[in-house]
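Quick note: the coordinates plus some simple rules give every number you see, no bench work behind them. In this text the structure is predicted, and so the values were computed from the model without any measurement. Here the Cβ positions follow ideal geometry from the backbone for every residue, glycine too, while neighbour counts run over all protein chains shown.
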Amino acid sequence: MVVTEMEVYAVSGADGKKRHRPWRKCSDFSDEYIKLLTEELAPLRPPNGSDVTNFCLLLIGPISGGKSSFINAVLSAFAGKVIQKVAVGESEQGVTKRYVPYQVRQADGSLLRLHLCDTPGLGESSGMDAINLHFLLDGHLPHWYEFSPYRHVSLRSVGFISKPTLAQEIHSVALVLDTSTVSDLSPTIKCMINDCKRLILEKGIQLVVILTKIDKLHKDIADDLADVFKHQVVNAAVEKVSEMLGIPPNNVFPVKNYHSEVETEVAVHAFALMALRKLICMASDVLEERTNDSDDRTAGSGEVKESDTA
Ligand SMILES: Nc1nc2c(ncn2[C@@H]2O[C@H](COP(=O)(O)OP(=O)(O)O)[C@@H](O)[C@H]2O)c(=O)[nH]1
Ligand SMILES: [Mg+2]
């Protein structure tokens, strides 16, 4: 057969928009889906035998990336209304100055077994860098610790915890980045992010990346957040960050936080809950591993004692 003519058709919906296959499989966003996710996450608790009552989930990232707004989105998803408990805003020095844990409350008043921990933005002016992160990850800093841009944390820092328990350690970390500015990060911030990433992985913690402000990527995305997993521009941003940081794309979560809205949005809740699910899952793995390690050490020390006695 000799082809002399070929017509190519694009499939579009009734609204005239082209339809793409989703680049990430996901259930349709609806109130039922949110209910399903909240019911899945609410009963989760740290593994038995770990002596830990709350997962400790840490958020880090450059100033104004959307860390505090993400916590508000999670609080809103469980409360079923728009919550603005955590102060947010654009400021060169960043609005958040301390290491602050937030508890998540369901609409019925019950608390989830986790702390979502907010931090000041990574940067020279905030006092958050890889050195201070090291102390934070290992559980040496008390809740509400205020970082100083002039002095690193040391043994003499106020409230320094010399022998932290597993419950005081950080169990999983999310690096929160503004999708719309991720290509323009300064070399200093890029270097800081890479140092932090190396440190986190060295401590056996896996990294989740939360890509905020996806509504700023394209007007169509802002108009229809439910189609995010069909937009190639979001997929490209996820792939780019995954490549830049050397972490798998399925650890990268695009989100849209509440910014100007006063009414709840199913998509905002769905994004927040999907990212939270990954953070909890990773925290659970870390706790299980650390609990098994300490069990092995205890068992190991028992054997030595026996042979000593013999
Ligand atoms: N358009 C848009 N703005 C956002 C989003 N997330 C956060 N913001 C805004 O970005 C600014 C910085 O957010 P904030 O949560 O304080 O960032 P933080 O410094 O990382 O804690 C605030 O003005 C937020 O309202 C988002 O998903 N979309
Ligand atoms: Mg903040």
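Annotations
- Whole-Å semi-axes of the range 113-191's equivalent ellipsoid (Cα gyration tensor): 24, 16, 10
- For chymotrypsin sites (Phe, Trp or Tyr not before Pro), the sites in the range 146-189 that DSSP calls loop and that have at most 13 other Cβ atoms within 10 Å are 150.
- Listed peptides 2-8, 222-228 by packing density, highest first (mean Cβ within 10 Å): 222-228, 2-8
- Loop-located trypsin sites (Lys or Arg not before Pro) in the range 201-283, at most 16 other Cβ atoms within 10 Å (DSSP): 203
- Loop sites in the range 201-297: GluC sites (Glu not before Pro), DSSP, at most 10 other Cβ within 10 Å: 263
- Charged side chains reduced to their Cβ positions (Lys and Arg at +1, Asp and Glu at -1) give the chain a dipole of some 460 debye around its Cα centre.
- Normalised radius of gyration (Cα atoms, divided by 2.2 N^0.38 Å) for the range 31-290: 0.95.
- Across the range 31-290, Cα pairs under 8 Å and at least six residues apart give a relative contact order of 24 percent.
- Rounded to two decimals, the Cα radius of gyration of the range 162-266 over 2.2 N^0.38 Å is 1.23.
- Beta bridges from DSSP with both residues in the chain: antiparallel share about 30 percent, rounded to the nearest 5.
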